[in-house]
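The values are calculated or read from the model by the stated rules, or taken from the named source; none is laboratory data. Note that this is a predicted model, so its numbers are computed, not measured. Glycine gets a Cβ as well: all are built from the backbone with ideal geometry, and neighbour counts include every protein chain shown. Side chains are part of the model used for accessible areas, which takes the heavy atoms of the whole protein and leaves out ligands, DNA and RNA. Shrake-Rupley method; radii C 1.70, N 1.55, O 1.52, S 1.80 Å.
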Amino acid sequence: MNIANKLTMLRILLVPVFVIALMLVGTDTVIPLLLFSIAAATDALDGYFARSRNLITTFGKFLDPIADKLLVISAFVMFVEMGLVPGWAALIIISRELIITGFRVIAASNNVTIAASVFGKIKTITQFAAIILMLLPMKGLETVAQVLLYLSVIATALSGVDYVIKNKEVLDLDNI
């Protein structure tokens with residue numbers, strides 16, 4: 001297993017550790033923040049290693065987006081549980097992640113690769129930023145965190161619509 005795939009596996013293994021830490025200490029300490037930040041950093045690192053060292057594998061193409069979804073979905077589910085995020089906002093984010101993952105699976109089964117869009121990158125950045133701000137044990141940033149949360153919900157919805165519109169042929173709508 002190459003370094004990029006090991007980093008992806010590390011991210012997956014950090015998800016339950018992050019969730020348990022969040023359940024045990026909430027946002028009162030930096031432990032969940034550090035765990036999430038390390039997991040998020042592995043996302044950037046695995047991509048860097050995969051591209052710069054030509055370590056792109058089918059396993060990595062499959063598992064990397066799943067690892068990302070697990071991390072983001074676990075954070076938002078926990079935030080709903082903790083009363084930090086409204087359920088509807090988490091539902092929009094989770095629904096988009098599942099729909100686009102399914103969309104990518106259909107595309108891949110037809111040997112079509114769906115490239116990340118600008119909206120997808122903005123979505124990821126705003127989601128991670130909102131999560132990190134919500135995990136900070138400092139008071140006074142709640143309003144900024146909420147603004148970022150709502151920006152991430154908008155970016156998430158826009159990126160989902162963008163993916164579907166740009167790649168609607170993958171759905172083979174003439175054959176339904």
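Pairs meeting the criteria (first residue in the stretch 59-85 and without any contact (Cβ under 8 Å) to a residue 40 or more places away in the chain and under 18 Å from ILE20 (Cα atoms), second residue of a type in the set (A, V, I, L, M, F, W, C) and open to solvent by 40 Å² or more (accessible area, probe 1.4 Å), beta carbons under 8 Å, at least 6 apart or on different chains) are LYS69/LEU98.
Scanning the stretch 51-74 for residues that are modelled with pLDDT under 85 and assigned to a helix (DSSP H, G or I), we see that the one that is least open to solvent (accessible area, probe 1.4 Å) is GLY60. All of (1) closer than 25 Å to LEU148 by Cα; (2) without any contact (Cβ under 8 Å) to a residue 12 or more places away in the chain; (3) open to solvent by 60 Å² or more (accessible area, probe 1.4 Å) hold for ALA41 with one exception: (3). Taken over the stretch 13-38, the residue count meeting the criterion of being over 19 Å from PRO65 (Cβ atoms), of a type outside the set (Val, Ile, Thr), in contact (Cβ under 8 Å) with a residue 40 or more places away in the chain and in a helix (DSSP H, G or I) is 5.
When you scan the stretch 108-119, do you find a residue that is part of a helix (DSSP H, G or I), under 20 Å from the mean Cα position of the chain (by Cα) and at pLDDT 85 or above, even just one?
Filtering the stretch 108-119 down to residues part of a helix (DSSP H, G or I) leaves 108-109, 118-119.
Pick out the ones that are also under 20 Å from the mean Cα position of the chain (by Cα) and you get 108, 118-119.
Then drop every residue that is not at pLDDT 85 or above, which leaves 118-119.
Yes, the stretch 108-119 contains at least one residue that is part of a helix (DSSP H, G or I), under 20 Å from the mean Cα position of the chain (by Cα) and at pLDDT 85 or above.
Picking from residues in the stretch 130-176 that are of a type in the set (Asp, Glu) and in a helix (DSSP H, G or I), the one that is surrounded by the fewest Cβ atoms within 10 Å (Cβ to Cβ) is ASP174.
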